[in-house]
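Computed from the coordinates by the stated procedures, all read-outs in this text should not be read as laboratory data. In this text the structure is predicted, and so the values were computed from the model without any measurement. Note that each Cβ is placed from the backbone with ideal geometry, even for glycine, and that neighbours are counted across all protein chains shown.
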């Protein structure tokens, strides 16, 4: 069996807020908890900015608080400063524009 490929995943605050503990009966709470648990138990890590972390802390559930603590303990949290994130967005937009231009040339 091949080596698992690690992914860097951005988790929205809505998932952090909605994740319920093992006693949760709401399907959304269960799904969000299962998603976070999969990130923790698979070789994936989570990427977050300072602004995102502040938003997480303001809206986290009890379960997601424990999850984030465990993620830090396993060194599975990658912090990005806002400048790095903005420069990545600019690079991605440039790449999308290049691909769109190439596709347009192939269509004509």
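For the range 8-81, what D do you get in µm² per second when you plug the Kirkwood radius from alpha-carbon pairs into Stokes-Einstein at 10 °C and 1.306 mPa s? Result for D is 131 µm²/s.
Here the relative contact order of the chain, from alpha carbon pairs under 8 Å that lie six or more residues apart, stands at 28 percent.
Does the range 1-47 come out rounded, prolate or oblate by the C-alpha gyration tensor, with a ≥ b ≥ c the root eigenvalues, rounded set by a/c under 1.5 and, if not, prolate when a/b is larger than b/c and oblate if not? Verdict is oblate for the range 1-47. Peptides 11-21, 89-99, 57-67, ordered by how many other C-beta atoms sit within 10 Å of their residues on average, highest first, read 11-21, 57-67, 89-99. Taking each DSSP H run with n ≥ 4 as -39500 (n - 2.57) and averaging over every residue of the chain yields -20500 deg cm²/dmol at 222 nm.
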